[in-house]
Amino acid sequence: MVLDIISAFKDAIVFSSLLTLLTIGMTLTYLTTKVPNFAHGSIATVGIYFALITTKLLGLNIYLGLLPSFFAGGVVAILQYIVILRPLSKRNASITTMMVATIAFDFLLLSGLNILADYLSKSFLIISRYFLLKGFDFFLMGERGVLLISPILVIAITIALYLLLTRTKFGVAMRATIENPPLAGTVGINADLVYIVSWFVAGGLAGLAGCLLPLWFIGNPDTGTFILISIFAAAVTGGLYNIYGAIIGGYTVGFAEIFLIRYLASLSDPFGAWIIPYRPVIPLLAMVITLMLAPRGITGIDVKRLRSMFRRNRNA
Amino acid sequence: MLSGESLFMLDLVATFAPYMIITLSLNLEYGFGGVPNFGKTLAVAGGAFMVGYLPGRILAGIMGVGQGMDYVAQNAQIITEINNRLVFNVPLSLGILLITLVAVILFGAFLGLLVTVPVVRLRADYLAMTFLAAGEVILVIGNNYPPLVGGTLGIGVPDPFGWASTFSVLGLSPGEMRNVTVTLFMAITAIIIFLYAQKLTHSPLGRVLRAIRDDENSALALGKDVTSNRLKVIIFASAIAAIGGALYAFYTANVISTAYSRVSWTFWPWVMVMLGGAANNLGVVCGTFIFVAVRKLIIFYKDIFGPFIPFDVVWLDMLLLGAALVFILLYKPEGLLPEKPIKTIKIEGPPPPKREAPEETSSSQAPSKKKVGLKLPFKFKVRKK
């Protein structure tokens with residue numbers, strides 16, 4: 001097998017862009033609620049099924065499904081926050097208990113999605129497992145639309161987030177709540193509203209990513225749980241304490257995953273095509289390496305300290 | 001022959017015992033150590049994969065079976081041949097069982113160590129993420145590396161309990177004799193592990209673990225090594241969980257990696273522990289029993305209400321369990337049997353010297369020498385200058 005750089009690059013662009021959308025959401029909820037959301041992948045799967053319903057059931061353009069998926073993902077995430085996490089955090093539950101709660105929610109979502117998939121296939125005779133919606137994309141200069149739409153979406157959302165966080169009153173309130181919730185509360189910021197909005201945005205971005213995903217990759221009820229590892233790896237690599245770290249982490253891990261696996265698969269013995277199923281090892285390694293070298297991620301690296309360390313070494 | 005009810009009970013115990021071992025290990029980690037192991041399936045699958053990999057190859061080597069044959073491709077043939085010879089060789093059966101279990105324990109401990117070492121110093125959430133990823137990765141390896149456990153087709157395991165079917169007690173048929181023996185063995189192992197867990201959690205290590213779980217910094221201030229204690233409990237727990245996976249593999253007599261999914265071996269144990277009550281070994285055993293019994297009943301009656309719903313019953317099962325876990329977390333976070341203060345064991349040795357104070361003060365002749373302060377079961381030695 002020869003390494004096809006262009007096709008690998010296309011794969012990597014789409015995958016990394018979707019991964020970045022998911023990672024931004026994960027980091028946002030982590031910053032506010034201080035708990036990694038183990039159900040984040042499955043919220044994306046909600047978007048995948050919205051894409052399926054929009055195209056196969058309603059016969060509409062898949063890009064019309066973007067907005068409903070955004071809202072659906074957001075509503076699911078708000079539900080998760082209000083019904084499960086808020087009561088727990090009010091009771092000062094430990095972070096471990098909160099994580100177990102997100103896992104429980106993940107299983108609720110997963111079973112719900114599986115029921116939906118069964119229902120779709122039995123009642124409407126739609127292929128609702130291991131499906132691809134490549135045919136529903138538009139073409140632009142011979143390339144599929146998602147190749148262009150997904151990075152554009154990331155750029156637009158990055159700019160929107162930047163403007164929200166720096167130029168609006170609500171964004172400043174959000175940052176204040178992230179930094180110090182009780183203090184933000186004393187100056188009259190409604191911390192609960194901030195949390196609800198950030199969960200909505202996070203879930204919405206996951207829904208967007210999910211809606212675009214079946215245009216390039218295979219969709220299944222458990223797709224989200226497989227991506228979850230990559231999301232964690234990307235969030236950790238970029239730095240869980242920095243929202244822009246999510247973008248760096250998403251593209252780093254996404255490109256590393258696709259290119260490394262494609263490269264190793266293109267080699268002859270002892271590597272080769274057999275290595276492709278082992279893709280989940282790469283995000284795990286990325287995560288472990290980051291945690292060993294720079295636990296706060298790429299954005300958490302203290303550049304000044306690093307430079308002074310180098311200088312000291314040179315002098316010594 | 002066994003009646004339907006006895007068969008149901010036997011099946012119940014056979015499922016309950018491995019799960020009890022696994023939940024006890026999770027309780028050690030999460031209940032006492034506060035370690036959120038979301039990759040329990042790592043150790044469980046590790047143990048089972050070891051059973052799929054090791055004993056068959058050793059026996060094939062010893063017996064000279066299947067020379068020139070591919071162990072994985074012609075597995076069924078080789079395992080049948082091994083089992084035919086193993087039935088009449090009790091010492092070898094028990095020997096291979098023991099060797100495999102030792103290897104399983106070591107392998108489980110190694111897996112726990114491997115995953116934990118890079119992240120043990122970090123916060124609990126990093127640990128949880130790494131465990132989750134590692135749990136998925138071992139399944140990927142099991143699924144795609146045929147020499148280990150036959151990939152997607154699975155692999156047969158030699159039966160070290162085959163000898164039990166050669167004689168008959170209480171009018172049981174040979175197949176039943178074998179199942180009863182395996183189940184008894186698993187139940188006994190589970191009880192031993194329960195006693196061990198009780199002993200461990202009531203030991204000083206158990207108390208240190210609770211201290212670390214409740215407040216890492218104050219434990220650190222008291223001179224307790226947080227990192228090494230956490231590492232210790234993860235290694236112990238992984239080794240124990242691996243035994244659970246191995247016993248289950250011996251019971252089902254084959255290993256297939258898809259059987260060790262995240263749902264069955266990470267999520268269910270979590271529900272069991274939360275249901276029974278974290279940091280209470282007896283509670284966890286109760287939780288496990290209730291869970292396994294309810295699920296067996298669901299499977300038992302599945303066919304009755306199956307036709308009435310437009311989807312697979314499996315998902316309803318999962319939905320109910322997820323909802324149950326949320327419900328427990330929200331309304332009964334301490335579980336059925338809440339955590340209790342640890343009863344400390346009396347330290348044996350010469351009894352502490354008796355105080356002579358009470359008689360003197362009560363006689364009211366020398367009230368000036370009344371002692372003030374805490375009554376302690378031991379004496380401080382004060383060095384006088």
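See the values below:
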item	result
Student exercise, the protein assembly as shown dipole from Lys, Arg, Asp, Glu Cβ charges, in Debye to nearest 20	3420
Mean Kyte hydropathy of -0.5 or more with a Cα span along the axis of at least 30 Å, helices from DSSP in chain A	A:5-33, A:95-123, A:145-167, A:191-212, A:245-266
Dipole moment magnitude, nearest 20 debye, region A:45-171 about Cα centre, only Lys, Arg, Asp, Glu C-beta charged	340
Kirkwood hydrodynamic radius over Cα pairs of region A:5-315, then Stokes diffusion coefficient at 37 °C and 0.692 mPa s, in µm²/s	162
Among the listed pairs A:K10/A:K122; A:K56/B:K302; B:K296/B:K332; B:K199/B:K224; A:K122/B:K40, those beyond 28 Å (Cα-Cα)	A:K10/A:K122; A:K56/B:K302; A:K122/B:K40
Residue among B:F161, B:F305, B:F49 with the largest mean-square fluctuation in a Gaussian network model of chain B, springs linking Cα atoms under 10 Å	B:F305
Ordering of B:310-319, A:282-291, B:36-45, B:221-230 by burial proxy (mean other Cβ atoms within 10 Å per residue, highest first)	B:36-45, A:282-291, B:310-319, B:221-230
Extent along principal axes [Cα atoms of chain B; Å; largest to smallest]	93, 52, 49
Within region A:5-315: Cβ-based charge dipole about Cα centre, in debye rounded to nearest 20 (Lys, Arg +1; Asp, Glu -1)	920
Among B:L28, B:F250, B:G175 the positive-end extreme of the charge dipole of chain B (Cβ point charges)	B:L28
Rounded tilt (10° steps) of B:4-26 against the dominant C-alpha axis of chain B	50
Additional length obtainable on full extension of the chain from A:I6 to A:L58, 0.36 nm per residue less Cα span	15.3 nm
A:A273-B:S218 pseudo-label distance in nm [points 7 Å out on the Cα-to-Cβ vector]	6.2
Fewest-first sequence of B:W265, A:W274 by Cβ atoms within 10 Å of each Cβ	A:W274, B:W265
FRET efficiency, A:F124 to A:K34 (Cβ-Cβ, R0 35 Å, nearest 0.05)	0.25
Calculated FRET efficiency for the pair B:E334/B:L170, C-beta based, R₀ 51 Å, to 0.05	0.75
Kirkwood Rh, Cα atoms: Rg over Rh of the protein assembly as shown	1.02
In degrees, nearest ten, helix B:204-214 long axis to first principal axis of chain B (Cα)	90
Part-to-part distance (alpha-carbon centres) for region A:110-185 and region A:5-42, which is given in Å	9
Extension reserve of the A:T186-A:I82 stretch, reckoned as 0.36 nm per residue once the Cα distance is removed	35.2 nm
Extension reserve of the B:I62-B:S264 stretch, reckoned as 0.36 nm per residue once the Cα distance is removed	69.2 nm
Efficiency of FRET between B:A73 and A:I298 - r from beta-carbon atoms, R0 45 angstrom, step 0.05	0.45
Charge dipole of chain B about the Cα centre (unit charges at C-beta), most positive-ward option of B:Y196, B:I99, B:G56	B:Y196
Nearest 10 degrees, 0 to 90: helix B:226-252 Cα axis against chain B principal axis	30
Cα-projected label distance for A:M141 with B:L98, points at 7 Å along beta-carbon direction, nm	7.4
Centroid-to-centroid separation of region A:210-227 and region B:188-256 [C-alpha atoms, Å]	37
Tensor-based shape of region B:106-215 (alpha-carbon gyration tensor, a/c under 1.5 rounded, otherwise prolate or oblate)	oblate
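No value in this document is a laboratory result; all are computed from the given coordinates. Note that the structure is predicted; figures quoted are calculated from it, not measured. Reconstructed Cβ throughout: ideal geometry from the backbone, glycine too, with neighbour counts over all protein chains shown.
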